[in-house]
Amino acid sequence: MLRKLAFSSIKSRLKDYVVLFSGLVVAAATFYMFMALATNQDFLGKNSMLSANNTMFIFIFGAILLAIITFFYLIYANSFLLTMRQREYGMFMMLGAKTGKIGQLIFMETFLLGMGATLIGEIIGIGLTQVVARLLVQQMGLTLQHFNSFYWPAFLITLAFFLALFIFAAIWNSHKLMKTPVLKLLHSAEQPARAQAQPIWLAVQALLGVALLAAGYWSMINIALLQLLAIPFALVTIVLGSFFTFNATFIWLLRLMKKRRSFSLRGIRNFTLSQLNFRIHDYTRMLAMISILFALALGAITVGLGFRNDLSVLIDSFDAYDVKLYTHSAKIDAKVAKLDIKEQATYSYKVKGNQIYYRQDQLQDQPLYYFHYQRSGGISMQMPQRRRFAAKDYQISRDEPNGAVQNAYNQLGIKSIYGGSNLTGHLVTAAEFARLPGKTSQLTLIRVQDFAAARQKIAKIEQAQLAAAPEFSEVLENSKYANAQMGTAMYSGMIFMGLFLGLSFLAMLASCLMFKILSGAYSDVKRYDMLNKMGARTSVLKASVAKEIGVLYALPGLLGIIHVLFGLQLFKLLLLNPYRGIWLPFLIFLLLYGLYYWLTVTLYRGIVIPKVEIDK
Amino acid sequence: MTNEVVKVQHLVKTYGKGNEKKFTALKDINFTVENGEFVGIMGASGSGKTTLLNILSTLDKPTSGEVRINQQDLTQLKGNQMADFRGHEIGFIFQDFNLLENLTAAENIALPLSLQGVAPKQIQPLVMKIAKRLSIESVLDHYPTELSGGQKQRVAAARALVHQPTILFGDEPTGALDSNSARELLETMSSLNRNDQVSILLVTHDPFSASYCQRILFIKDGEIGSELRRGERDRAAFYQEILDNLGTFTE
Ligand SMILES: Nc1ncnc2c1ncn2[C@@H]1O[C@H](COP(=O)(O)OP(=O)(O)OP(=O)(O)O)[C@@H](O)[C@H]1O
Ligand SMILES: [Mg+2]
């Protein structure tokens with residue numbers, strides 16, 4: 001009987017349950033996806049620019065972060081479940097249902113809901129892992145090797161983790177419901193007036209918050225000065241600063257707004273402000289945490305995409321020439337003809353024993369391009385400049401060859417300089433070259449319009465050359481194309497991790513906020529009903545909800561964005577320009593965050609806005 | 001004619017849409033309230049008192065019949081018009097006060113004015129005026145949890161009256177008060193009615209509260225069963241008559 005009652009009330013709140021359930025499903029799916037990566041050493045080893053051991057450490061660090069945020073997420077989701085149910089269960093108890101029975105019921109409900117969501121989440125996770133991996137590979141031109149979307153250890157870890165958490169949650173819920181007096185369950189909606197902090201103490205905290213944030217930002221900008229100390233220092237000051245900012249600065253601002261009667265006494269503002277004041281007080285720790293997580297997530301995505309930006313720039317600096325043709329055939333020539341060529345030059349050479357000869361006049365006619373590396377004094381990464389030698393640089397002399405000539409020997413070499421080439425280069429006049437015995441060979445250097453666009457075509461040319469002339473394998477394996485392939489493989493792991501961690505963090509933190517806010521919705525029903533009776537238009541009430549929740553989303557988001565903007569300073573060490581193209585990750589991030597905001601507002605309105613019955 | 005603030009004719013309210021179970025809460029209600037009258041509505045639990053009040057205050061729509069308040073036909077109102085109508089023409093007091101706990105007493109009272117777009121400068125004096133009238137000036141800066149039940153109800157009354165509505169509706173406003181606070185509130189209401197010409201419609205099942213009214217309508221099975229007028233009698237005599245009437249009425 002009781003079971004039936006409990007079930008029928010689930011039906012009446014189906015929408016909220018669907019949200020809760022799908023939230024849990026997403027959490028489980030995300031957790032599985034990450035674990036499928038973190039515990040899969042094959043994947044890590046091949047796809048990261050760091051060694052497998054280092055990456056393992058980073059991934060484990062990420063996994064711990066994810067576990068922590070999942071833990072908090074479940075706490076909030078669970079408290080939403082509890083507030084949703086406590087009135088009904090309180091009612092059953094008042095009707096004489098045995099406490100033990102109720103405890104059992106809520107235990108079962110929590111547990112089944114959780115486990116159902118976990119299993120479905122894992123299945124979705126397996127599918128998603130496959131889809132996401134494919135998508136990334138396609139979209140970004142990355143290469144992911146050894147990526148197995150179903151991975152037993154990950155499946156089991158996820159199951160065990162969620163099982164433990166849900167048993168904990170179920171015990172917690174049943175304990176809480178059984179311990180709380182029935183009357184309190186029924187009247188939990190009434191909120192007491194908050195103790196007001198002393199204005200002076202508030203002002204001190206507010207200033208402290210801003211000062212701590214400033215100190216944290218300063219240390220990240222001046223990482224050159226503070227070295228490694230900057231990171232823990234920034235972490236502590238920014239966490240504390242965020243906390244004080246929410247605990248005091250924003251509350252102080254709200255109070256200022258409330259005090260200005262000409263502002264607050266218009267329309268429903270005073271109510272909205274009071275709601276916010278109450279909420280922010282209640283949410284201080286959570287909002288501070290969200291601003292930090294927001295920054296971590298957005299930072300991860302920004303850095304992930306930053307690596308991607310860098311990759312193309314880096315690849316361009318691997319070699320001044322995109323393709324080098326060591327051998328010719330009709331097949332190869334046909335493939336070369338398909339390239340969108342910007343410039344090409346052919347040079348002759350002759351090999352005699354350990355000596356290799358090049359023609360001075362050819363080089364003077366078409367001097368080579370090269371990369372010039374500046375000497376950088378700072379700690380930031382810098383890219384070389386593309387330059388071209390002048391004709392007069394190619395001088396024949398008995399002394400050590402100058403830069404231009406040495407460069408020509410390297411660029412036009414037919415054995416890898418890394419492979420310990422024992423060929424000695426010589427620059428000779430055209431006449432001398434003609435006098436030399438032996439066969440004249442040709443080497444064509446090509447620059448295309450767009451290396452990334454031509455990459456597939458170049459791959460085919462390289463393969464054809466390797467097949468036709470294996471004696472050049474040493475240089476071909478060190479070609480720009482080969483290096484680009486390797487670089488892409490190394491960076492793709494980093495990019496993937498950045499994007500994945502960033503997006504899953506975002507999903508979790510936004511859902512945390514959502515459930516926290518929705519948990520409060522049930523106690524707000526009466527207030528909105530009251531306002532409705534007083535003649536507040538539905539549109540006014542809706543706008544008030546949108547504003548209240550909007551501020552709760554915007555404040556941690558805004559603070560998080562500021563954290564990131566300063567935090568990117570740290571990545572000047574690893575990235576060419578951490579700020580380049582950041583609008584893209586910011587946009588993606590804000591869109592997703594906005595989606596959660598919209599969902600929260602919609603659900604919240606569904607709970608609190610009174611429905612005016614218009615039938616007939 | 002123009003003196004009627006409330007006019008209800010052949011009002012029917014049936015709950016349950018479509019193929020849900022139908023229940024007719026109000027069958028055929030007819031009555032009027034004159035400007036400046038203090039009218040009570042009594043009836044057993046479930047007789048439809050709250051339903052009637054909800055319809056009168058545009059919170060619910062009648063199934064059929066005509067409802068006019070201050071000459072305005074409520075059935076013609078749509079969406080925002082209903083909300084605006086409630087905001088301008090009606091004041092409410094409820095059994096459970098319904099104050100917003102996160103606003104001070106003064107802010108609670110000011111809210112209807114803000115909602116109507118009254119300029120912030122004009123709000124303060126209006127709040128002070130009604131607070132004086134209800135003797136709650138001293139608690140204006142308190143939050144609802146810091147007020148006694150009686151004070152809360154007077155704050156609620158102040159909020160209901162601050163915008164000078166056409167009519168004040170009370171749904172068991174004394175229900176949660178002890179007898180002294182209840183008496184005080186009723187005295188205040190009847191004084192507002194006598195001296196400030198506030199029209200009041202009071203729903204109650206308590207004969208003592210009802211005895212403050214000038215006229216009492218008894219609802220039974222969704223219809224107005226009978227009506228009592230106080231006339232020139234004193235309250236004690238009226239109270240006695242209500243008790244007698246309730247005896248015969250409930251039989
Ligand atoms: N939303 C609704 N849907 C269906 N039936 C309803 C609804 N609201 C009220 N009723 C029914 O209409 C009848 C009248 O209800 P109403 O609340 O008006 O009674 P009341 O006179 O105010 O009673 P009380 O003195 O207990 O407050 C009751 O039988 C009730 O069950
Ligand atoms: Mg009622």
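The values are calculated or read from the model by the stated rules, or taken from the named source; none is laboratory data. Note that this is a predicted model, so its numbers are computed, not measured. In this analysis, Cβ positions are derived from the backbone assuming ideal geometry, glycine residues included, and neighbour counts consider all displayed protein chains.
Please determine, by comparing only the residues of segment A:541-586 that are among the polar types (S, T, N, Q) and within 23 Å of A:Ile221 (Cβ to Cβ), which one is modelled with the lowest pLDDT.
A:Asn577
Go through segment B:73-106 residue by residue and tally those that are at positive phi and either surrounded by fewer than 20 Cβ atoms within 10 Å (Cβ to Cβ) or at the interface with another protein chain (Cβ under 9 Å from one of its Cβ atoms) (or both). Reasoning before the result, please.
Start the filter on segment B:73-106 by keeping residues that are at positive phi, which leaves B:79, B:97-98.
From what is left, the residues that are either surrounded by fewer than 20 Cβ atoms within 10 Å (Cβ to Cβ) or at the interface with another protein chain (Cβ under 9 Å from one of its Cβ atoms) (or both) are B:79, B:98.
Going through segment B:73-106 one residue at a time, the tally reaches 2.
Looking at (1) touching a Gly at 6+ places or on another chain (Cβ under 9 Å); (2) in a helix (DSSP H, G or I), can you tell me which one A:Thr284 breaks?
Of the numbered conditions (1) touching a Gly at 6+ places or on another chain (Cβ under 9 Å); (2) in a helix (DSSP H, G or I), the odd one out for A:Thr284 is (1).
Test A:Ile356 against the stated conditions and say whether it is more than 24 Å from A:Ala453 (Cα to Cα), not hydroxyl-bearing (Ser, Thr, Tyr) and not in a strand (DSSP E or B).
Details: more than 24 Å from A:Ala453 (Cα to Cα): yes; not hydroxyl-bearing (Ser, Thr, Tyr): yes; not in a strand (DSSP E or B): no.
Here the answer is no, as A:Ile356 does not meet what is asked.
Quick check on my filter: what residues within segment A:109-118 are out of contact with any Gly (no Cβ under 9 Å at 6 or more places or on another chain) and either touching a residue at least 12 places away in the same chain (Cβ under 8 Å) or outside any helix (DSSP H, G or I) (or both)?
Residues of segment A:109-118 that are out of contact with any Gly (no Cβ under 9 Å at 6 or more places or on another chain), as a first pass: A:109-116, A:118.
The answer is A:Glu109, A:Thr110, A:Phe111, A:Leu113, A:Gly114, A:Met115, A:Gly116, A:Thr118.
Among the residues of segment B:7-63, write down those that are within 16 Å of ligand 2 (Cβ to nearest atom), part of a strand (DSSP E or B) and hydrophobic (A, V, I, L, M, F, W, C).
Selection gives B:Phe23, B:Ala25, B:Leu26, B:Ile29, B:Ile41, B:Met42.
Please find, within segment B:115-145, the residue that is farthest from B:Leu186 (Cα to Cα) out of those that are more than 14 Å from chain A (Cβ to nearest Cβ) and touching a Lys or Arg at 6+ places or on another chain (Cβ under 8 Å). Before you say what the answer is, go through the steps one by one.
The initial filter retains those residues of segment B:115-145 that are more than 14 Å from chain A (Cβ to nearest Cβ), namely B:129-138.
Of the ones still in play, those that are also touching a Lys or Arg at 6+ places or on another chain (Cβ under 8 Å) are B:134-136.
Details: B:Leu134: 12, B:Ser135: 14, B:Ile136: 15 Å.
Only one residue fits best here, namely B:Ile136.
Could you please find all residues in segment A:580-590 being within 14 Å of the chain's Cα centre (by Cα) and in a loop (DSSP other than H, G, I, E, B)? Even if it seems obvious, please write down each step before you answer.
We begin by selecting, within segment A:580-590, every residue within 14 Å of the chain's Cα centre (by Cα); these are A:582-590.
Hit for segment A:580-590 is A:Ile582, nothing else.
If you scan segment A:246-271, which residues turn out to be touching a residue at least 60 places away in the same chain (Cβ under 8 Å) and within 7 Å of chain B (Cβ to nearest Cβ)? Don't jump to the end; show me each part of the working.
First pass over segment A:246-271, keeping only residues touching a residue at least 60 places away in the same chain (Cβ under 8 Å): A:246, A:250, A:267-268, A:271.
Result: A:Gly267, A:Ile268, A:Phe271.
Out of B:Lys78, B:Lys61, which single residue is at pLDDT below 90, among the basic types (Lys, Arg) and more than 16 Å from ligand 1 (Cβ to nearest atom)? Spell out the reasoning first.
Details: B:Lys61 fails: more than 16 Å from ligand 1 (Cβ to nearest atom).
So the residue among B:Lys78, B:Lys61 that is at pLDDT below 90, among the basic types (Lys, Arg) and more than 16 Å from ligand 1 (Cβ to nearest atom) is B:Lys78.
Looking at (1) away from ligand 2 (no atom under 16 Å from the Cβ); (2) under 15 Å from the mean Cα position of the chain (by Cα); (3) of a type in the set (S, T, N, Q); (4) in a loop (DSSP other than H, G, I, E, B), which is the only condition B:Asn98 fails?
The failed condition is (1).
Only one of these conditions is not met by B:Ser47: (1) modelled with pLDDT under 90; (2) more than 16 Å from ligand 1 (Cβ to nearest atom); (3) more than 26 Å from B:Lys152 (Cβ to Cβ). Which number is it?
Here B:Ser47 clears every test but (2).
Looking at (1) assigned to a helix (DSSP H, G or I); (2) at pLDDT below 80, which is the only condition A:Val405 fails?
With (1) assigned to a helix (DSSP H, G or I); (2) at pLDDT below 80 applied to A:Val405, the lone miss is (2).
Tell me which strands (runs of 3 or more DSSP E) are completely within segment B:146-245 and hold 2 or more residues being more than 14 Å from chain A (Cβ to nearest Cβ) and within 16 Å of ligand 2 (Cβ to nearest atom), or say none if there are none.
Values: elements: B:167-171, B:199-203, B:215-220, B:223-229.
Ranges flagged: B:199-203, B:215-220.
Which count do you get for residues in segment A:272-292 that are polar (S, T, N, Q), over 10 Å from B:Asn102 (Cβ atoms) and touching a residue at least 60 places away in the same chain (Cβ under 8 Å)?
Keep residues of segment A:272-292 that are polar (S, T, N, Q), which gives A:272, A:274-275, A:277, A:284, A:291.
When the remaining residues are screened for being over 10 Å from B:Asn102 (Cβ atoms), the result is A:272, A:284, A:291.
When the remaining residues are screened for being touching a residue at least 60 places away in the same chain (Cβ under 8 Å), the result is A:272, A:291.
Qualifying residue count, segment A:272-292: 2.
What helices (runs of 4 or more DSSP H) lie completely within segment A:1-79 and have 1 or more residues being modelled with pLDDT of 80 or more?
So the answer is A:14-38.
From A:Ser291, A:Ser312, A:Ser329, A:Ser274, which residue is of a type outside the set (D, E, K, R), touching a helix residue (DSSP H, G or I) at 6+ places or on another chain (Cβ under 8 Å) and within 14 Å of chain B (Cβ to nearest Cβ)?
Details: A:Ser291 fails: within 14 Å of chain B (Cβ to nearest Cβ); A:Ser312 fails: within 14 Å of chain B (Cβ to nearest Cβ); A:Ser329 fails: within 14 Å of chain B (Cβ to nearest Cβ).
The unique qualifying residue is A:Ser274.
Scan segment A:88-95 and tell me whether some residue there is surrounded by 21 or more Cβ atoms within 10 Å (Cβ to Cβ), touching a Leu at 6+ places or on another chain (Cβ under 6 Å) and assigned to a helix (DSSP H, G or I).
yes
From B:Glu4, B:Glu66, B:Glu34, B:Glu20, grab the single residue that is over 30 Å from B:Leu140 (Cα atoms), within 12 Å of ligand 1 (Cβ to nearest atom) and surrounded by fewer than 20 Cβ atoms within 10 Å (Cβ to Cβ). Step through it out loud before you land on a result.
Details: B:Glu4 fails: within 12 Å of ligand 1 (Cβ to nearest atom); B:Glu66 fails: within 12 Å of ligand 1 (Cβ to nearest atom); B:Glu34 fails: within 12 Å of ligand 1 (Cβ to nearest atom).
Only one candidate qualifies: B:Glu20.
Is it the case, given these coordinates, that B:His88 is more than 16 Å from ligand 2 (Cβ to nearest atom), at pLDDT 90 or above, touching a Ser or Thr at 6+ places or on another chain (Cβ under 9 Å) and of a type outside the set (Phe, Trp, Tyr)? Write out each step before concluding.
Numbers: more than 16 Å from ligand 2 (Cβ to nearest atom): yes; at pLDDT 90 or above: no; touching a Ser or Thr at 6+ places or on another chain (Cβ under 9 Å): yes; of a type outside the set (Phe, Trp, Tyr): yes.
The answer is no for B:His88.
Show me the helices (runs of 4 or more DSSP H) found entirely inside segment A:462-579 where at least 2 residues are away from chain B (no Cβ under 14 Å), under 30 Å from B:Asp84 (Cβ atoms) and more than 20 Å from the chain's Cα centre (by Cα). Step through it out loud before you land on a result.
Values: elements: A:473-476, A:480-533, A:538-567.
Result: A:480-533, A:538-567.
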